[in-house]
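Notes follow once the structure below has been shown.
Quick note: the coordinates plus some simple rules give every number you see, no bench work behind them. All values derive from a computational prediction rather than experimental measurement. In this analysis, Cβ positions are derived from the backbone assuming ideal geometry, glycine residues included, and neighbour counts consider all displayed protein chains.
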Amino acid sequence: MKHLTDHEIQAWIDGDPGMNRFLIEAHLHQCRECRDCLKSYQTLYTVMETAEKPLNIPVDFADRIMAQLPEKSFKRRHASLWKIIGLFAAATFATGIMIMTSPWTQYFNESSEWAQRLNRIFHAIRISLHWMTNRFYGTMIWLICGICILFCLMTLDKLFSCKWRVHFNTNQ
Amino acid sequence: MVSNKEMNESIENRGLICIQKILAGEQEAFRDFILLFQRLVYSITSKLIVCQEDQDDICQTIFIKAYQNLDQFRGDSKISTWIGKMTYNTCLNYLRRKKHLCLEDHHIDHYSNKHQNTRDTPDHLTETQDMSIRLHHEMNRLPAQMRTALTLYHIQGLTYDEIASVMSCPEGTVKSHLYRARQLLKKRLLEKYQKEELIG
Ligand SMILES: [Zn+2]
């Protein structure tokens, strides 16, 4: 019988997703030697978790740092819900216009009532935008919409960084 | 008893609250931030730097650097990973400057041996305490990267990929550091103790 390697036993304790849990457990079940090896590793883990040597942190460590902290004012990032909703709306609107003015837009298959209704709405918007859809204006609109979407995405990314994570994590 | 993992999670959340306060202009909150993460910073630096005074200086530099870059913390990693990486890199720079390019130096070994001998009186120590002192001693004989990986995994409760980002190396390297280090430690403990003592 081939025994488990030390790596496999450690991987099992660590819960490493790369291991074959089923095979390892099957072997442990029938092999005393590997169970003993597992136990000594478990002891090692336990001792290691409690075995941090004294760190010798000076008592006034925090005071020393606070005394030499540089003046710094952090730019406050106001991230209100309205701003986020506004940005989403702007991005959706821009995407909408891009689709609407696209010469490749396929209307829905008119098989159901709601598809017909949507088609009518789409058609109305398209007519009203018709004057813009010649080549020059069309390109300009696409360009502006593209930039708008990019800007929205970048702003959202910024807003969702630290501050929002802090907010969500601490309110759970 | 609160496990290491739970404790580290709570430190993480309290750290986030501190950052929120500091970014809102409450500088005093940085004091709490220091108290929360000083153990992490010190436990990494103590694995890499021998001289206590240098260690204090470096730890101070790290926290000041952290303060200056606090608004750069994007929140896509844990605070401990962020600080840990900063600490590890600062230590490496220090060692490079000091021309301690070889990380596997044995100064730490001598240093801790000296300290150990003065208080190593196993008579009145319980078995676990004794074993944990032995383990320290054996850990100090390991190369610095292995020591760091072990501390980050077992004491600070970081995962493989978090350690990889602290040490800027592939996850596979972290695993092999950990596996090899533990295998060595187990072997050395088995030389000192009866097999039955370890199996318990
Ligand atoms: Zn076996």
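Filtering the stretch B:26-54 to residues that are touching a residue at least 60 places away in the same chain (Cβ under 8 Å) and of a type in the set (D, E, K, R) leaves only B:LYS47.
Here A:ALA67 fulfils each of the conditions (1) away from the ligand (no atom under 16 Å from the Cβ); (2) at the interface with chain B (Cβ under 8 Å from one of its Cβ atoms) apart from (2). Within the stretch A:25-54, residues that are within 11 Å of chain B (Cβ to nearest Cβ) and near the ligand (Cβ under 10 Å from one of its atoms) have Cβ atoms under 8 Å from residues that are assigned to a helix (DSSP H, G or I) and of a type in the set (Phe, Trp, Tyr) in these pairs: A:LEU38/A:TRP12, counting only partners at least 6 apart in sequence or on another chain.
Restricting the stretch B:136-162 to residues that are surrounded by fewer than 19 Cβ atoms within 10 Å (Cβ to Cβ) and among the charged types (D, E, K, R) leaves a set whose member that is nearest to B:ARG188 (Cα to Cα) is B:GLU138. Applying the selection to the stretch A:3-24, what residues are within 13 Å of chain B (Cβ to nearest Cβ), within 15 Å of the ligand (Cβ to nearest atom) and either of a type outside the set (A, V, I, L, M, F, W, C) or surrounded by fewer than 16 Cβ atoms within 10 Å (Cβ to Cβ) (or both)? The answer is A:THR5, A:ASP6, A:HIS7, A:GLU8, A:GLN10.
Between B:ILE58, B:ILE44, B:ILE83, the distinction of being more than 10 Å from chain A (Cβ to nearest Cβ), in contact with a Cys (Cβ under 8 Å, 6 or more places away or on another chain) and either within 17 Å of B:ALA149 (Cβ to Cβ) or of a type in the set (Ser, Thr, Tyr) (or both) belongs to B:ILE44 only.
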